[in-house]
Each structure stands twice: as C-alpha cells, then as structure tokens.
1. Taking only C-alpha pairs under 8 Å that are 6+ residues apart, what is the relative contact order of the chain in percent?
2. Could you sort out which of Lys31/Lys118; Lys36/Lys307; Lys241/Lys310; Lys31/Lys310; Lys118/Lys163; Lys231/Lys310 sit more than 19 Å apart by Cα distance in this structure?
3. Roughly what % of DSSP beta bridges within the chain run antiparallel, to the nearest 5?
4. Between rounded, prolate and oblate, where does the range 20-138 land on the alpha carbon gyration tensor, with a ≥ b ≥ c its root eigenvalues, rounded for a/c under 1.5, else prolate if a/b exceeds b/c?
5. Which of the GluC sites (Glu not before Pro) found in the range 260-350 are in a DSSP loop and have at most 14 neighbouring Cβ atoms, other than their own, within 10 Å?
6. Would you calculate, for the chain, the mean residue ellipticity at 222 nm contributed by helices, counting each DSSP H stretch of 4 or more residues as -39,500 (n - 2.57) and dividing by all residues, to the nearest 500?
7. Highest GNM mean-square fluctuation, the chain, Cα pairs closer than 10 Å: which of Ala327, Ala104, Ala319?
8. For Cα pairs less than 8 Å apart in space and 6+ apart in sequence, what is the mean separation divided by the residue count of the range 131-217, i.e. the relative contact order in percent?
Amino acid sequence: MNVAASAAAPPNEAADLWRDTRRNVEINVGKICNNKCVFCLDGLPATEMRRYMPYPEMQAEILRWYQSGTRSVGFLGGEPTTYPWILDAIHYAHDLGYTRIAVATNGTKFFRHEFVDKMLDAGLTRVTMSMHGHTPRLEDALTRVPGNFEKKKSGLRYLLQKKAEGRLVDNVSVNVVVSEWNYRALPNIVRFFFELGLDDVRLNFVRAEGYAEEQTSLIPHLRDVVPYVMKALVLNEYHFKKNLTIGSFPLCVLPPELLGNKALARRTIGEFRDLDTDCSIKTLTADGFPDGIATIEEGRARFNWQKRKKFDLKAQPEARCTGCRYAEVCEGVWKNYLPIHGDAELRAIR
C-alpha cells in the first residue's frame, strides 16, 4: 500500500467529512453481564453495583439528555440486552425523537432472532457487537462462554439480513478488543468479519483494568501489535475497502506513513471519527472521578468520554511526549499500561 506522506499537519476533526456530528450519550444500564470476558473492565463489580437501573430513572435520564439537545443515545452495561426494560427504553427514546438509537452488546442473545425483531420494532437503529475472535476456540476462550462464537455469528448474520431489508439505518458494527491472545490473528479476524458481510469493524487496544489488571499477561507491547494492525489495514485498503478503524493506540506508535496521509488517518484512526460522546453511569462515590472530569448527582456520574480518556484514563508522559506536534489530538496511552511495559515505546513527533 502506498501511503506516502504529503507535508502533513495533524488531521483536523472539523474538516473530517466522515465524522457524524450528532452529539451522543451512552447510558449504562447496570453492571450485570452474561459473559465473563478475560479482559473485562468491570471484573467482578461490588454487589451493590450489580443491579439494574430502575426504569423510572432510565426514563428521566433519556429525557434529560434529549432536552439538552442530544439526538443519539446508546445503551451499554454490563450487558444491555439483559436489562429487563431494554425494549421499553428503546421505544421511549424513539418516541421522544432520538434519531440514532444503539446498543453496545456482547451479542450472546442475538441468536434469538425474535428478540432482535422486538428491538428493531421498538426503534433500534444501530448494533455494535463485541466479538474478539474468528474461530470458536478463540472467541469462546476470550468470553469464557462455550458456544458463544456460533451464537454471535448467527446473530450477526440475522442483523445483516435486517440491515439489507432497510432496518438498522445506522449500521451493524463489531468491536474487537486487541489483547495478547488475539493480536497475531488480526488480519484473519478482519477477513472473517468482512467476508461475513460486515462493513464496519473497530480494533481497540485492551485496557489493563478489571480482570486484565490482575492478568497482565493479557497486555501485549504496543510495538508488537502495530505490525499486525497495519497488515489488517493494508488488507482492507487493497482488498475489502470497508470501514476499518483502530482505537486507543498512541499516535506515535503508528507508522509515519499512516499519520502523514491525512485522508487515510481520518478513515482509520477512530479518535478522528468517533461521535462526541457523553456518558451516564451509576456510581456510589466520587472516587475515581477527578475534579472537572465528571458531575456526580443522584448516584450517577455524567462526563464526556473523550475528555475523560484524555485527562483521566490516559497519560502523556512528560519525558516522552513534551513538544509532540500531535499532543493536542493524541489521547496518549492507557495509564495502567505504563506500570506493565513502561514508556520507552513512546516518542514525541517533532
């Protein structure tokens, strides 16, 4: 692939023609989940956090964001498809006038096609499924649920059928958490999803939190992962020509040829494309939310996801990042990566 750089400045988000300009809010329904992913961010949440958001509170939250001007809403967890009132929540958001209604799901329940139909009838316009392997052995091991691969594949095929019928106008996508267990298979994983019929795949570098904070062997070196990411990008650019994006990779670990090609960078680096997203999650205390990052009211934390990543969850080590021309647009590296692998891979781009 010829990605020869022109004299390039950092990609300008305002000029990105691919970016969806709708403001988005993601509402966490609770921490309960029917998978046990080896890298789960929540790990095993405290008992009081493993409760669903009461539906009256959900209605109030959906209305609150709509009245603020937000027109895109997503439901996440835990696992939102296990939320007892998920159909009611989707229907309520649709009736209010949200134009984009999404779920971020592990997809385990989607082999029940009648359940998918009910979600679509309620007003669902987008599904983002978390799936991390292209074989039963890999997917079932990562999610620790036997038979998960076949259930998810059945669900994806049905979702794509519904999309072809004119439903799911905001698309069907897959999020892949890139970890030590699967990064060498990334080109094959991408091939599997695109040959299945998907046209939107995201590769997100794993966070060393929750279960993964204890199992640090799940966290590979960035320098080891990037060549496989680039193989997947090259495969897509030459062959599939679909929407393949990457997330949570510090810009300095990516090849300069990628950063130097502004059009390619805007197409592939998720931070340049993602919706401006606010989050609403249940919280017991203000601990873990530094001043200025979130508001804590009525047992809920509300914050902007992009700001929280850049100013709280990620780091730009001064010794490595000072003076970098991409300092304003790069979010940095996950903080918990640094105690495991250090910062030697990072460098300021002059």
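1. Averaging sequence separation for qualifying contacts and normalising by length gives 20 percent for the chain.
2. Table pairs above 19 Å Cα-Cα are Lys31/Lys118; Lys36/Lys307; Lys241/Lys310; Lys31/Lys310; Lys231/Lys310.
3. So the antiparallel bridges amount to about 25 percent of the total.
4. prolate
5. Glu298, Glu328
6. -9000 deg cm²/dmol
7. Fluctuation is largest for Ala319.
8. 31
Here, each number is a calculation from the coordinates, and none is a lab measurement. The model shown is predicted, which means the values in this text are computed figures rather than measured ones. Because the Cβ atoms are built from the backbone with ideal geometry, glycine has one as well, and the counts that use them run over all protein chains shown.
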